[in-house]
Amino acid sequence: MTPLKQVMKDVMSNRAFMRIFRGNRFIFLFHDVSNKDAVQYSDEYSTPISLFEEQVDLLQHLFEIVPLERIVADKDMDNSKNYAAITFDDGFYSVLENARPILNKREIPYTIFLNAAAIKDNQLWFSNLQLAEGKYRDKLLHISHTEIGSNEDLVSAIYTRGKFDDNFRAEYKIPRNAKKIFMDFADIAILQEEGVLIGSHSYDHFVLNFCDDETRRIQIEENNELLQKIAKQRIRHFAIPFGKKEHFDDITIAAIKQAGHKYIYTSNPNKFTVEDLRNPNFLFPRIGISNSTPNELLFIINRALFKKYDL
């Protein structure tokens, strides 16, 4: 990093900006909360337990943390404050085991976006990449992993060369040991009893705009049906798998709305304001967090105050 960039990063890691800019709303996205010795740990989406606690302390200092339902629907919140909501994707068991005690101690509300395949089968295709040998990747790609270009992302290669259908589901299921990676029905019931909001994240975490119409419908509607049985109420929130603009299109958004979801979430790392709530087609951005230090996280938050991303 050049000296100038380091200076700019240091400037952007100042807490004063959050006292200057008011009336902003942020949604933060976590996945797995576990240490590096956990079988499912990944630098891409995991947060060590002690670091998660530090991150939560920072968020609680900077924001009034409110339920997701409120931050996306309440137009009357005090604009002299900044607000945040906390969400988790994929339903990792570590959320129940490790994140829940930290959040409950601080009386912080949170939301979980769930996949039926993870609940029922204790696995998802992309997280299996952390646990499998090259043969598994070859099956998903239908090519040898040695043919992937040096500058090509493995997951990108899979969803551009693979086909997200029932056959793909069969391919990604690999033999697993007894280690629990994802929450099951009983685990989710515990969280729901405590008031945790349940949202949908598709059945298999497929890239929805790489699915044919019928597969896309199954991914959205069958997951919704399962979660409604668990929650015993309508599921109104849907987080798009992966969540960048190359992972969805207008057809995907229409299908999500057709299934009855009112609030749709991307992983664009932006803030939003009450004015955005007046747009019925607004897609809510979320800032993904993994193993960022509190200072790095503060930089990411401040950056969103000055720049709007379209990723």
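Summary table
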| item | result |
| --- | --- |
| Ranked by how many other beta carbons lie within 10 Å on average, peptides 199-207, 303-311, 68-76, 54-62 from highest | 199-207, 54-62, 68-76, 303-311 |
| Mean separation of Cα contacts under 8 Å, 6 or more apart, over the residue count of the range 81-124: relative contact order % | 49 percent |
| For the range 3-306, with +1 on Lys and Arg beta carbons and -1 on Asp and Glu, the positive-most of Val196, Pro67, Val274 along the dipole | Val274 |
| Fraction of beta bridges assigned by DSSP in the chain that are antiparallel (%, nearest 5) | 10 percent |
| Rg over Rh [alpha-carbon atoms, Kirkwood Rh] for the range 240-310 | 1.01 |
| Cβ-defined net charge surrounding Phe182, 12 Å radius [Lys, Arg +1; Asp, Glu -1] | -3 |
| Charge-dipole axis of the chain as Lys and Arg at +1 and Asp and Glu at -1 on Cβ define it, positive-most pick from Ala38, Leu131, Ile108 | Ile108 |
| Highest-first arrangement of 235-244, 278-287, where packing means the average Cβ count within 10 Å | 235-244, 278-287 |
| Within-9-Å neighbourhood charge of Ser127 [Cβ basis; K, R +1; D, E -1] | -2 |
| Tilt relative to the chain, helix 213-231 - C-alpha long axis, 0 to 90 degrees, to 10 | 60 degrees |
| Percent RCO, i.e. relative contact order, over the chain, from Cα pairs under 8 Å lying at least 6 residues apart | 24 percent |
| Between helix 294-306 and the chain: long-axis angle, C-alpha atoms, 0 to 90°, nearest 10 | 80 degrees |
| Principal-axis tilt of helix 49-62 within the chain, Cα atoms, nearest 10 degrees | 40 degrees |
| Student exercise, the chain dipole from Lys, Arg, Asp, Glu Cβ charges, in Debye to nearest 20 | 740 debye |
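Read-outs throughout are calculated quantities, based only on the coordinates presented, and are distinct from any laboratory measurement. Here the structure is a predicted model, which is why all the values come from computation and not from measurement. Virtual Cβ from ideal backbone geometry, glycine too; neighbours counted across all protein chains shown.
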